[in-house]
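A.B. asks: First the structure, then my questions, so here it is.
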């Protein structure tokens, strides 16, 4: 199971003048969008790309609303093609500082116990050599650079994943004339679910994939369309499914005919 963290949520957050302006214009929907963005910032070390359409698609809301919430209320800091939050930055720094102090405390206790059990050790070993100092310094600089690279790669990967999700949903739009928006949305939500490593969507893990056939099967199995409330749609979905099955059998038969031809 993937490890998760929590962040503090001020109980008087709605009393903030900036939040009050946000609520005045967008209501609780805007408030929910704001906190959803904050959650994403925490999981991406306070850096997200300013791809408003991608964020809007992920949160199932309007792009103009997302852009306004990020830019118009002073709630976020824009830095070129990325943005973050001063509050999130401060809280992450406080968390990192607490972690650092906790590690130092553990190391002090460990070194104390080690020294107590090795009282005969030469005292000159207590002072680090110049080589050891340089090694520690290089290690710190390397870790800093590595952390920065990881953040950049993580942000890029997250943006690429959201774009792929958007592309997948756009590929379903031509079928809105055949199926209801609700069914298309449910189909999209199910097949765009990410795996545990957040590298592939469910449909990307399938050995074969044809959207028309999958939609026809989905519509035929969807219980919401089997209660008699939309018989015309049921009939159309069944016809589509039958047609796709016939096409598949026809293509398979063509292959068999080619194989059985005498040389």
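A.B. asks: Give me the pairs: first residue in the stretch 64-76 and closer than 14 Å to residue 24 by Cβ and in the same structural domain as residue 49 (by TED's automatic domain parsing), second residue modelled with pLDDT of 95 or more and outside any helix (DSSP H, G or I), beta-carbon distance under 6 Å, and six or more apart or on different chains, which are they?
C.D. replies: Within 6 Å, no pair qualifies.
A.B. asks: Just one of the numbered conditions (1) assigned by TED's automatic domain parsing to the domain that holds residue 51; (2) at pLDDT 80 or above is not true of residue 192; which one?
C.D. replies: The failed condition is (1).
A.B. asks: Next question, about the same structure. Can you go through 47, 88 and tell me which one is in contact (Cβ under 8 Å) with a residue 12 or more places away in the chain, touching a helix residue (DSSP H, G or I) at 6+ places or on another chain (Cβ under 8 Å) and over 23 Å from residue 163 (Cα atoms)? Full working, then the answer.
C.D. replies: Numbers: 47 fails: over 23 Å from residue 163 (Cα atoms).
Step by step, each of 47, 88 is checked, and only 88 is in contact (Cβ under 8 Å) with a residue 12 or more places away in the chain, touching a helix residue (DSSP H, G or I) at 6+ places or on another chain (Cβ under 8 Å) and over 23 Å from residue 163 (Cα atoms).
A.B. asks: If you check 175, 168, 203, which single one turns out to be modelled with pLDDT of 80 or more, assigned to a helix (DSSP H, G or I) and touching a strand residue (DSSP E or B) at 6+ places or on another chain (Cβ under 9 Å)?
C.D. replies: Criteria check complete, one pass: 168.
The values are calculated or read from the model by the stated rules, or taken from the named source; none is laboratory data. Remember, predicted model here, so these are calculated numbers, not experimental data. Don't worry about glycine lacking a Cβ; one is built from the backbone with ideal geometry, like all the others, and counts go over all protein chains shown.
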